[in-house]
Amino acid sequence: MNLKRPSKRANLKLLQQRGETLNSFIIHEATIEDLPALVNLHVKTWNETYPGFKKPPAYEVREYQWRNQFKVTDGSWFCFVIENNKKELIGFAKGNRNEDHTGVIDKIYLLRSYQRLGLGRKLAGQVARRFLNMGVTSISLFGVPQNPSYYFHKSIGGEKLYGDNGEFHGGFIWRDIQTLASFY
């Protein structure tokens, strides 16, 4: 799949060129008003993460998915977005609480030019704090094993999950999310 991560050095340079600092970003809960920007961001980040995918999900598909998600108002899910100083969305994370009071990080994406700057850690910390407020103390995340974010998930304390056959299929678990919740 030839998936690669951007370098921290290159992204710090881009950050400087845009006149941004690591303290200029705001994380807030996504609302229906964020829908068009969130859909655009989801399409763009997914395509950046999986370049060359033969038929990537289109805007209309993501819009349909997000509209349906926002119709669920039972408190079982949430989404945080990160916005830059121009009020543009640059990343998001979506969490779901299961009936057994475990949680799942359903999605976590940052634009490539904002990766490896600590923003993903801050976003993950926000997600963990929300889960703790919901009574959830362990969470999991499932992705593609070749995804370069594998290293990010490990660096924030994710423990690899293995299938019955002993193979890693892209899943991680945080059995106790207290440490993750301390990331600001």
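Quick note: the coordinates plus some simple rules give every number you see, no bench work behind them. What you see is a predicted model; the values in this text were computed from it and never measured.
Backbone geometry of region 83-100 corresponds, through the Karplus equation with coefficients 6.51, -1.76 and 1.60 at θ = phi - 60°, to 3J(HN,Hα) couplings of 10, 8, 6, 9, 6, 9, 6, 10, x, 7, 9, 10, x, 10, 8, 7, 4, 8 Hz, x marking Gly and Pro. Taking amide H as placed 1.01 Å from N in the peptide plane, the amide H of Lys107 sits under 5 Å from that of Lys94, each at least 5 places away or on another chain.
To the nearest whole percent, what portion of all C-alpha pairs in the chain is separated by more than 24 angstrom? Roughly 38 percent, once rounded to a whole number.
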